[in-house]
Amino acid sequence: MVPDEHAPLTPDWTCGTCGAQWPCEQKRDRLLSEYLTDRAMLSVYLGACLAAAAEDLHLSGSTSLQDRFLGWLPRRPRRF
């Protein structure tokens, strides 16, 4: 693991750098920057992480996990 990467430690899904629940605030900022031009792929990546965390933590369908992994993503206004 790269120092200061804020990668998840499984199976408890905490940050390997700061110990907060993953994705921690620092990792969220990095992910938004890394996926600046492809937010759809960021959603796909975090959805895969959500599925893995739900399995590891035995919390299938948990709203709190959905909020933790996806609820912080910025939303664009819908276009009609």
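The values are calculated or read from the model by the stated rules, or taken from the named source; none is laboratory data. If you're wondering where the values come from, they're calculated on a predicted model, not measured in any experiment. Every residue, glycine as well, gets a Cβ built from its backbone with ideal geometry; the counts of neighbours run over all protein chains shown.
Only one residue in Ala20, Ala54 is at pLDDT below 95 and surrounded by 13 or more Cβ atoms within 10 Å (Cβ to Cβ). Which one?
Ala54
When region 19-38 is examined, which residues are found to be in contact (Cβ under 8 Å) with a residue 24 or more places away in the chain and either on the phi > 0 side of the Ramachandran plot or assigned to a helix (DSSP H, G or I) (or both)?
Arg28, Arg30, Leu32
Which one is nearest to Pro8 (Cα to Cα), of the residues in region 39-70 that are touching a helix residue (DSSP H, G or I) at 6+ places or on another chain (Cβ under 9 Å) and not in a helix (DSSP H, G or I)?
Among them, the one singled out is Leu70.
Filter region 35-55 down to the residues that are within 13 Å of Trp22 (Cα to Cα) and of a type outside the set (Gly, Ala, Ser) and list them by number.
Matches in region 35-55: Leu46, Cys49, Leu50.
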